[in-house]
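The values are calculated or read from the model by the stated rules, or taken from the named source; none is laboratory data. Quick caveat: nothing in here was measured; it's all calculated off a predicted structure. Positions of Cβ are backbone-derived with ideal geometry, glycine not excepted, and every protein chain shown enters the neighbour counts.
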Amino acid sequence: MLKIAIDLGTSSTKIYEIGSGIVLHEPSCVAVNAETKQVKAIGNEAKALVGKTAEFTSIVFPVFEGEIVNHAMAVVMLDAFLSKIGIKSGRGRVEVLFCVPCGISDKAKSSVYNVCDDLGISHLHFVEVPYLSALGQDLPISDSNPAFVIDVGAGTTNIAVLSLDGIIAGASLNIGGSNMDVHIIDHVAEHFGLKIGSLTSERLKNTVGSLAEGDNQSTVVNGRDITTGRPRSVAVSSSDISYPVRVYIDKVLEYVGMILKKLPAEVSASICKSGVHLSGGVSKLVGLGEYVEQKLDMEAHVCDEPQMAVILGAGRAIGNPATLKKIKMEF
């Protein structure tokens, strides 16, 4: 039986296939003709059209804040992605692990199940993101050795202290990189009088977004002058967008503090030694590790490819039946 893992995220979808590794990493979006409902593009091709479409073309994002919000388009998108990696038929013989937010609701689980049912996938497992992040970072978790994980994605942030015996304390927040992108758009409009699009905002965050003191990286962004309506370019530095970056990290750390207060004393002592492990695309922000260390007063670790930690962990879980049995959720 073919075994795959799927990380269906707000920003991107990743698929891991046993024996091949990560076989797909594409944006979770679909371009649709608003009148005829005909699908025009999916994934990379659809994202390239964001902000550039004509009146009758709309860009649909089937996943929002970690949950499926458009069933029909989620089916269309996943069907295309599976076909792209060569899984067109016989999907009943495919075993799939789905990465899901910490503490996912029964309603959200049913949404994923229904999409898979429409795709002909019957062998399905759910595993919460914190476990997969820990596995993807090669953390030595056991019944007596807890791990402290924060995964900051585009639409959700998952925070958990966990062991193989279960999640000791954790939460999934509707806060992520997409919130930063929107805030950066508003911030640039207010301070530079320039209207930029979501793709430009994302690029700005990824290139000069920083939490490091005194960081003065800069890049040129193009947009529309709010006053004249004409195209204009401005240079934007790390310090110029530090506020919209910092405000969301501070909000995440506020919730982290609430979760840490729930821990038994022995667990607190253990994670104080091992520190916090950061993953998710937002973890690539310059200076994030040092900022978290300062705020939490404990060592912070960022893995080499934080945006891939969850899907790599999912691949390891689907490939190890003993581990999967311990960490998977029940329907």
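A few comments on the model shown:
For every residue, the table says whether it meets (1) crowded, with 20+ Cβ neighbours inside 10 Å; (2) among the hydroxyl-bearing types (Ser, Thr, Tyr); (3) in the same structural domain as Gly319 (by TED's automatic domain parsing); (4) within 30 Å of Leu162 (Cβ to Cβ).
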site: Pro62; (1), (2), (3), (4): yes, no, yes, yes
site: Ala72; (1), (2), (3), (4): no, no, yes, no
site: Ser110; (1), (2), (3), (4): no, yes, yes, yes
site: Val127; (1), (2), (3), (4): yes, no, yes, yes
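- Contact map, segment 186-197: residues that are in contact (Cβ under 8 Å) with a residue 40 or more places away in the chain and within 9 Å of Arg224 (Cα to Cα) paired with residues that are among the acidic types (Asp, Glu) and not in a helix (DSSP H, G or I), Cβ distance under 9 Å, separation 6+ or inter-chain. Pairs shown: Leu194/Asp225.
- Number of positions in segment 1-46 that are buried (at least 21 other Cβ atoms within 10 Å of the Cβ), farther than 19 Å from Ile85 by Cα and not hydroxyl-bearing (Ser, Thr, Tyr): 2
- Matching option when the condition is modelled with pLDDT of 95 or more and under 20 Å from the mean Cα position of the chain (by Cα), among Val188, Val208: Val208
- If you go through segment 141-171 and pick out every residue that is assigned to a loop (DSSP other than H, G, I, E, B), without any contact (Cβ under 8 Å) to a residue 40 or more places away in the chain and within 14 Å of Ile327 (Cα to Cα), you end up with 4.
- Within this structure, Val115 passes the test of being under 25 Å from Ala171 (Cβ atoms), within 20 Å of the chain's Cα centre (by Cα), at pLDDT 95 or above and outside the structural domain of Ile150 (by TED's automatic domain parsing).
- Condition check for Glu67: touching a Pro at 6+ places or on another chain (Cβ under 9 Å), in contact (Cβ under 8 Å) with a residue 12 or more places away in the chain and farther than 12 Å from Cys29 by Cα: yes
- With respect to the conditions (1) modelled with pLDDT under 95; (2) more than 20 Å from the chain's Cα centre (by Cα); (3) among the acidic types (Asp, Glu), Asp304 lacks only one, and its number is (2).
- Selection status of Val286, among the aliphatic types (A, V, I, L, M) and in the same structural domain as Ala212 (by TED's automatic domain parsing): no
- Condition met for Lys47 (charged (D, E, K, R), assigned by TED's automatic domain parsing to the domain that holds Met73 and in contact with a helix residue (DSSP H, G or I) (Cβ under 8 Å, 6 or more places away or on another chain)): yes
- Of all residues in segment 90-106, at least one satisfies being on the phi > 0 side of the Ramachandran plot and under 19 Å from the mean Cα position of the chain (by Cα).
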